[in-house]
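Asker: The structure under discussion is supplied below as structure tokens; questions concerning it will follow.
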Amino acid sequence: MSSDTSTYAPDCLRCGLSSNIFAAAFLNRDEKLPHVRQATRKVDTLKLLSLILWETKSLDIKKYIVLSEALDEIGKMLGGWNGQLTKNSTLPKQGEK
């Protein structure tokens with residue numbers, strides 16, 4: 001995301017999103033899932049806010065497209081991460097039946 005489009009995202013959401021992603025990256029596998037899900041919710045909120053900005057003509061179409069494509073890509077990555085964590089958490093651990 002370029003710096004001029006990211007300025008439209010509220011700072012608290014951007015910082016919180018980064019915080020959740022970094023925390024999940026460095027935590028143990030068992031502790032990652034809540035942070036990934038929280039990051040996904042924040043991406044969804046940013047998507048909604050950017051749509052509102054575009055609809056109210058506060059954000060031009062070119063910037064909206066760049067921002068929404070970046071948020072979609074981040075959402076897909078988080079969704080894949082969430083899927084892997086969910087799949088792995090439901091598998092029995094070695095030695096269990």
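Asker: Based on this model, can you work out whether LEU17 counts as touching a helix residue (DSSP H, G or I) at 6+ places or on another chain (Cβ under 9 Å), part of a helix (DSSP H, G or I), closer than 14 Å to MET77 by Cβ and modelled with pLDDT under 90? Please lay out each step first, then the result.
Answerer: Values: touching a helix residue (DSSP H, G or I) at 6+ places or on another chain (Cβ under 9 Å): yes; part of a helix (DSSP H, G or I): yes; closer than 14 Å to MET77 by Cβ: yes; modelled with pLDDT under 90: yes.
It is true that LEU17 is touching a helix residue (DSSP H, G or I) at 6+ places or on another chain (Cβ under 9 Å), part of a helix (DSSP H, G or I), closer than 14 Å to MET77 by Cβ and modelled with pLDDT under 90.
Asker: Have a look at LEU27, LEU33, LEU17, LEU46 and point out the one that is buried (at least 17 other Cβ atoms within 10 Å of the Cβ) and farther than 20 Å from LEU67 by Cα.
Answerer: The conditions single out LEU33.
Asker: Before we move on, is TRP54 under 11 Å from the mean Cα position of the chain (by Cα) and buried (at least 16 other Cβ atoms within 10 Å of the Cβ)?
Answerer: Against the criterion (under 11 Å from the mean Cα position of the chain (by Cα) and buried (at least 16 other Cβ atoms within 10 Å of the Cβ)), TRP54 does not qualify.
Asker: Just to verify a result, which residue in region 60-92, among those that are assigned to a helix (DSSP H, G or I) and charged (D, E, K, R), is farthest from ASP44 (Cα to Cα)?
Answerer: Residue satisfying both the conditions and the ranking: LYS87.
The values are calculated or read from the model by the stated rules, or taken from the named source; none is laboratory data. Because the structure is predicted, anything quoted here is derived from the model rather than measured. Neighbour counts are summed over all protein chains in view; Cβ atoms, including those assigned to glycine, are modelled from backbone coordinates with ideal geometry.
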